[in-house]
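Trainee: Pasting in a structure now, in structure tokens, and then I'll have a few things to ask.
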Amino acid sequence: MGSVNAVREFAWSPREKVIARQAFESALHRELEAVMSEAKERAAKTRQPSDLWDLEQYLTENRKRIDQRFDYRYSVLIFVFGNLIRLGSLTEQELLGLSEDKLDAIRRFTAEDSPGRLR
């Protein structure tokens, strides 16, 4: 548990904040683009009223999923980045420039199979 608190207390330099924001926004943009693309395909196939509610459900579920995965609070950003890398939504390459201790913490979290991780 001590390592979790240590991760939550990382100090972020102005340069790291820029790198983190760019990586976060890029991953979020890719997720949203994928949802929009799928939603457009589903909308194009809409033939009956029930199809509208299916589309609404798809969008609602994805909004909840994205809201859960993308949290830009510095206290949880290491976990967010680790989860996004594990899910294939972000690459470690996009985080180059962060301090080695932050990258190591992200790598450790990415490698863990912890039950409390975001999915």
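Trainee: Mean residue ellipticity at 222 nm from the helices of the chain, using -39,500 (n - 2.57) per DSSP H segment of n ≥ 4 over the full residue count, to the nearest 500 deg cm²/dmol?
Mentor: -23000 deg cm²/dmol
Trainee: May I pose another question? Between segment 17-57 and segment 66-87, what is the C-alpha centre distance in whole Å?
Mentor: 18
Trainee: At R0 = 35 Å, how high is the FRET efficiency between residue 12 and residue 42 if r is their beta carbon distance? Nearest 0.05 is fine.
Mentor: 0.35
Trainee: Within the chain, which is the longest segment that contains none of the GluC sites (Glu not before Pro) sitting in a DSSP loop with at most 14 other Cβ atoms within 10 Å?
Mentor: After excluding every exposed loop site, the longest remaining stretch is 10-111.
Trainee: Still on this model: At 7 Å along the Cα-to-beta-carbon direction for both residue 93 and residue 53, put a label point, then send me their distance in nm to one decimal.
Mentor: So the label points at residue 93 and residue 53 sit 4.5 nm apart.
Readers should treat all values here as calculations from the given coordinates under stated rules, not as data from a laboratory. Keep in mind it's a predicted model, so treat the numbers as computed, not measured. Virtual Cβ from ideal backbone geometry, glycine too; neighbours counted across all protein chains shown.
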